[in-house]
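Student: Handing you a structure now.
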Amino acid sequence: MEYSAHFHSAQPVKNKLFVFCIMLSLWVYMLYCCVGYCSTTPTFMMDERSNRRALQRQDPEMLLKSQSRDLLNNDSDADSRGDGWEENKGDAAYDENDSGIAGAVNGSESKKLPQAIIIGVKKGGTRALLEFLRLHPDIRAVGAEPHFFDRNYEKGLEWYRELMPKTLDGQLTMEKTPSYFVTKEVPGRIHAMSRDTKLIVVVRDPVTRAISDYTQTRSKKPDIPSFESLTFKNLSTNVIDTSWSAVQIGMYARHLERWLQFFPMSQLLFVSGERLISDPSGEMARVQHFLGLRREVTHKHFHFNPAKGFPCLKRPESNNKPHCLGKTKGRTHPNINPEVIQRLRDFYKPFNKKFYHMTGHDFGWD
């Protein structure tokens, strides 16, 4: 009888323990599923700036390289990080829903190597062009400059592909890194990736571009030498110092010769940085035609901001504030000696003339 009583009192305890084990197992399984779901959340749901910070934490070597470059020749400014435009949370310039992002839910998106690249030039208007293009529903572009073909080539194409946004079939993947145009190794490297890559170069009056380049550098390093002293090897002889990148970048014809060794002119489009400001819809019509896209970005998407001197982006169907250039854009240029400016214009004149001939387009800088 004592045994029987003990048996009946132990049975409910075993039952409760069994139920508890089942519930614990179910809880662990649900937690596992939740973690698994989070790890497969599409990348478009992550904030782009958080992605950049994460990339810098994971790749300190890349950050170190950008910081250790000669300040007078670097381009690791806000624009290269994709921060050149003010963010209006209610009306961002690029709405991922317009690009068929819902397709990511059923797994129809994938990361692809870029079919088109904005390869230059620094301080020409590349950030503006990229933001204009991101309005197009058939274009997906990475915001930050990858610098793959000039600084990170040893990391391999798969590393490069992972930086790209996911796209649906029929959408175009793009990136922009302005230093590509002037880096000797880049044309051959892009050609090795794909000989069909379409290349866009935003060019600007080389004298104005050089002053803008210097202005950007001086904003970070106020104690640098004057523009005049950097322009000449020797002030007494008035010999232009072509080793200074601010001068060298504007020698467009010399850089273009390297690209034409790998790509036909039909695969390069030269966009006027001046017209991108004065007639953005006109230049965007040329760009969309070059990329083989229907004309979606038109005059309805632009609103000129007289205070900034640049066009802002707007959505025709929205009443929200236009999406404008950030404070890093439209800096006031320093006063430069007119004689130095004229000397630079004379220096660039033969380069400009050759560039006009090569491209079949007179940009009117002389």
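Student: Among the residues of segment 264-296, write down those that are among the small types (Gly, Ala, Ser), within 26 Å of HIS191 (Cβ to Cβ) and without any contact (Cβ under 8 Å) to a residue 24 or more places away in the chain.
Tutor: Matches in segment 264-296: SER266, GLY292.
Student: Tell me which residues, restricted to segment 220-233, are open to solvent by less than 70 Å² (accessible area, probe 1.4 Å) and not polar (S, T, N, Q).
Tutor: Within segment 220-233, ILE224, PRO225, PHE227, GLU228, LEU230, PHE232 qualify.
Student: So, one more: State whether one or more residues within segment 250-267 are at pLDDT below 95, under 26 Å from ILE119 (Cβ atoms) and not in a loop (DSSP other than H, G, I, E, B).
Tutor: So far as segment 250-267 goes, no, none of its residues is at pLDDT below 95, under 26 Å from ILE119 (Cβ atoms) and not in a loop (DSSP other than H, G, I, E, B).
Student: Residue check, GLN261 against (1) among the polar types (S, T, N, Q); (2) open to solvent by 70 Å² or more (accessible area, probe 1.4 Å); (3) free of Cβ contacts under 8 Å to residues at least 12 places away in the same chain, all met but one. Which one?
Tutor: All conditions pass for GLN261, except number (3).
Student: Name the single residue, out of those in segment 114-156 being touching a strand residue (DSSP E or B) at 6+ places or on another chain (Cβ under 9 Å) and acidic (Asp, Glu), that is most open to solvent (accessible area, probe 1.4 Å).
Tutor: ASP138
Student: Consider only pairs whose beta carbons are under 7 Å apart and that are at least six residues apart or on different chains; among these, list those whose first residue lies in segment 297-319 and is within 19 Å of ARG127 (Cα to Cα) and whose second residue is part of a loop (DSSP other than H, G, I, E, B) and of a type in the set (Asp, Glu).
Tutor: Listed by first residue and then by second, the contacts come to ARG315/ASP91.
Student: Same structure, new question: Considering only residues that are touching a helix residue (DSSP H, G or I) at 6+ places or on another chain (Cβ under 7 Å) and either under 27 Å from THR208 (Cβ atoms) or at pLDDT 95 or above (or both), which ones fall in segment 96-111?
Tutor: If we filter segment 96-111 for residues that are touching a helix residue (DSSP H, G or I) at 6+ places or on another chain (Cβ under 7 Å), which is where we start, we get 96, 101, 104, 109, 111.
Once the filter is applied, which keeps residues that are touching a helix residue (DSSP H, G or I) at 6+ places or on another chain (Cβ under 7 Å) and either under 27 Å from THR208 (Cβ atoms) or at pLDDT 95 or above (or both), segment 96-111 yields only LYS111.
Student: Whether any residue in segment 215-231 is small (Gly, Ala, Ser) and under 16 Å from PRO178 (Cα atoms) is what I want to check.
Tutor: Checked against the condition, which is being small (Gly, Ala, Ser) and under 16 Å from PRO178 (Cα atoms), segment 215-231 yields no hits at all.
Student: If the Cβ limit is 8 Å and pairs must be 6+ apart or interchain, which residue in segment 207-233 that is among the acidic types (Asp, Glu) pairs with which residue that is open to solvent by 30 Å² or more (accessible area, probe 1.4 Å)?
Tutor: Pairs that qualify, where the first residue is among the acidic types (Asp, Glu) and the partner is open to solvent by 30 Å² or more (accessible area, probe 1.4 Å), are ASP213/LYS123; GLU228/LEU235; GLU228/ASN337.
Student: Go through (1) at pLDDT 95 or above; (2) part of a helix (DSSP H, G or I); (3) out of contact with any Pro (no Cβ under 8 Å at 6 or more places or on another chain) one by one and return the number of the condition GLN216 breaks.
Tutor: (1)
Student: Right, next: Of everything in segment 248-285, what is among the basic types (Lys, Arg) and closer than 14 Å to LEU199 by Cβ? Give them in sequence order.
Tutor: Here is the first cut: in segment 248-285, the ones among the basic types (Lys, Arg) are 254, 258, 275.
The one that is among the basic types (Lys, Arg) and closer than 14 Å to LEU199 by Cβ: ARG258.
Student: Being part of a loop (DSSP other than H, G, I, E, B), at pLDDT 80 or above and of a type outside the set (Ser, Thr, Tyr) is the filter here; which residues of segment 273-322 pass it? Lay out the reasoning, then the answer.
Tutor: First, the residues of segment 273-322 that are part of a loop (DSSP other than H, G, I, E, B): 279, 291-298, 306-309, 314-322.
Those left that are additionally at pLDDT 80 or above: 279, 291-298, 314.
Within segment 273-322, ASP279, LEU291, GLY292, LEU293, ARG294, ARG295, GLU296, VAL297, LYS314 meet the criteria.
Student: Within segment 187-198, is there a residue that is among the hydroxyl-bearing types (Ser, Thr, Tyr) and not in a helix (DSSP H, G or I)?
Tutor: yes
Student: Separate question: Identify the residue in segment 157-212 that is under 14 Å from the mean Cα position of the chain (by Cα) and closer than 16 Å to SER245 by Cβ and, among all such residues, is surrounded by the most Cβ atoms within 10 Å (Cβ to Cβ).
Tutor: Only one residue fits best here, namely TYR180.
For every residue, the table says whether it meets (1) closer than 27 Å to ASN352 by Cβ; (2) in contact with a Lys or Arg (Cβ under 7 Å, 6 or more places away or on another chain); (3) not aromatic (Phe, Trp, Tyr).
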residue	(1), (2), (3)
GLN171	no, yes, yes
SER179	yes, yes, yes
GLU185	yes, no, yes
GLY188	yes, no, yes
ASP196	no, no, yes
PRO222	no, no, yes
GLU228	yes, no, yes
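Student: Right, next: Just for segment 234-244: of the residues that are in a loop (DSSP other than H, G, I, E, B) and touching a residue at least 12 places away in the same chain (Cβ under 8 Å), which one is most open to solvent (accessible area, probe 1.4 Å)?
Tutor: Restricting attention to segment 234-244, the residues satisfying the condition of being in a loop (DSSP other than H, G, I, E, B) are 235-238, 241-244.
Filter once more, so that each one left must be touching a residue at least 12 places away in the same chain (Cβ under 8 Å): 238, 244.
Details: ASN238: 70, TRP244: 17 Å².
Among those residues, the one meeting the criterion is ASN238.
The values are calculated or read from the model by the stated rules, or taken from the named source; none is laboratory data. Keep in mind the model is a prediction, meaning the values are calculated, not measured. Glycine gets a Cβ as well: all are built from the backbone with ideal geometry, and neighbour counts include every protein chain shown. These area figures cover heavy atoms from the full protein model, side chains too; ligands, DNA and RNA do not enter into them. Shrake-Rupley method; radii C 1.70, N 1.55, O 1.52, S 1.80 Å.
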